[in-house]
Amino acid sequence: SDIRDALAAAAKVRDTESTDYAKSVKEYADGQMLLGHAIKALKQYYNENSGDDTASTYGSAAVTGEKNREGLGAGIVAILEVAQQDFADMEKEARQSETTAKEEYKKMSQELEIRTAVFQKDVEYKNRRKIKLEAEVARMDVDKDSLEKESAAVNDYMAKLKEDCVAKVEP
């Protein structure tokens, strides 16, 4: 019963872990998707506006196809890209944790099932042995009663023989 209780408790914990995992992975994926949309929108916005007066294109040696985006949202985009990568890393870690937890639970449940089967067989064999011993005790009790009756009969007969064999002084 202890093993069954432990297995039930482990199943409950495993269900909770699985639910938490599903919720976490969804949140991480949603976060990555939202950040991806934000990054795309910001890059598009800053690329379109890079030709405005705020972009320094004159006298710069590093003018690119984006007309040199110096300072135009690069910091914000970089921070969002780092956050997106963090969400990806957390999702990967959650998936690895879930895989490990599934394997450990499966291994533990198989081990507990084997132990349960072993204990059940052990109980079965001990019950058989108990029945055999109880039957033997019952036979021994019958034999004991029989021997006591025989012993009492022999003692009675010995008492009669003593009366007949022992010489008594007559008054």
Legend entry - Net charge dipole size for the chain [Lys, Arg +1 and Asp, Glu -1 on Cβ; Debye, nearest 20]: 440
Inset, instruction - Determine the gain in length on full extension of the stretch VAL137-ASN155; use 0.36 nm per residue of separation and subtract their C-alpha separation, reporting nm with one decimal. - result: 3.9 nm
Legend entry - Cα gyration tensor shape for the stretch 64-169, rounded if a/c is under 1.5, else prolate or oblate: prolate
Inset, instruction - Under 14 Å from the Cβ of ALA101, count the other residues' Cβ atoms, weight Lys and Arg +1, Asp and Glu -1, and hand me the total. - result: -1
Inset, instruction - Any chance you could run the full-extension gain for LEU147 through TYR125? It's 0.36 nm times the residue separation minus the Cα-Cα distance, nm to one decimal. - result: 4.7 nm
Inset, instruction - Using only Cα atoms, find the angle between the long axis of helix 74-165 and the longest principal axis of the chain, and express it within 0 to 90 degrees, rounded to the nearest 10. - result: 0
Inset, instruction - Restricting things to alpha carbons, tell me how big the stretch 113-168 is in terms of Rg and Dmax, in Å. - result: 23.9, 81
Legend entry - Folded to 0 to 90 degrees: helix 2-48 orientation relative to the chain principal axis, Cα: 0
Inset, instruction - Using a 1.4 angstrom probe on heavy atoms only, work out the carbon and sulfur share of the accessible area of the stretch 1-50 in %. - result: 56
Inset, instruction - Find how much the distance from ALA101 to GLU170 grows on full extension, using 0.36 nm per residue of separation minus their present alpha carbon separation; answer in nm with one decimal. - result: 14.6 nm
Inset, instruction - Could you tell me what percent of the accessible area of the stretch 75-154 is made up of carbon and sulfur, with a 1.4 Å probe and every protein chain present? - result: 58
Inset, instruction - Can you work out the accessible area per residue across the chain, with the rest of the protein chains kept in place, probe 1.4 Å, in square angstrom? - result: 80
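The values are calculated or read from the model by the stated rules, or taken from the named source; none is laboratory data. Here the structure is a predicted model, which is why all the values come from computation and not from measurement. In this analysis, Cβ positions are derived from the backbone assuming ideal geometry, glycine residues included, and neighbour counts consider all displayed protein chains. These area figures cover heavy atoms from the full protein model, side chains too; ligands, DNA and RNA do not enter into them. Shrake-Rupley method; radii C 1.70, N 1.55, O 1.52, S 1.80 Å.
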